[in-house]
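What follows is a short report on a single structure.
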Amino acid sequence: MPRTPDEYAVHILLSGGHREEVRFQTIQEFQKWYSGELMPKAASSDFISVPIKNMQGEYMVLRPSSVMAIRVEPIFGGSVER
C-alpha cells in the first residue's frame, strides 16, 4: 500500500543562485498556485506572492521570470529533516 505524504516541499531555484523552499499541504494546492499564479505570468518581471502558510507574519514575493527550476519533494511523517 503506497504511503501518502504529509506535505510537499517545493524547492525554487532562482536566477543568481538563490534557493527558497515553500511547503504545501497537498499536491493540488501546489498545482493550483503553479497553474494559476506562476505559469500565466512566467515571462513577467512583476512580483507575485508565494504562499507561506506555515510561518506566521512572513510572506515572500518573487518575479516569475527569475524562476529557473522547481523541484517538488514529498515529505512523509517518518522523514528525517535535513
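Restricting to the stretch 5-53, name every residue that is touching a residue at least 60 places away in the same chain (Cβ under 8 Å) and closer than 17 Å to G77 by Cα.
P5, D6, E7, Y8, A9, V10
So that you can scan it fast, the table gives a plain yes or no per residue for (1) of a type in the set (A, V, I, L, M); (2) surrounded by 10 or more Cβ atoms within 10 Å (Cβ to Cβ); (3) in a strand (DSSP E or B):
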| site | (1), (2), (3) |
| --- | --- |
| P5 | no, yes, no |
| H11 | no, yes, yes |
| G17 | no, no, no |
| R23 | no, yes, yes |
| E29 | no, yes, no |
| A43 | yes, no, no |
| D46 | no, no, no |
| S49 | no, yes, yes |
| M68 | yes, yes, yes |
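No value in this document is a laboratory result; all are computed from the given coordinates. The shown structure was predicted, so the numbers you read here are calculated from the model rather than taken from an experiment. With ideal geometry, Cβ positions are generated from the backbone for all residues, glycine too; neighbour counts draw on all protein chains shown.
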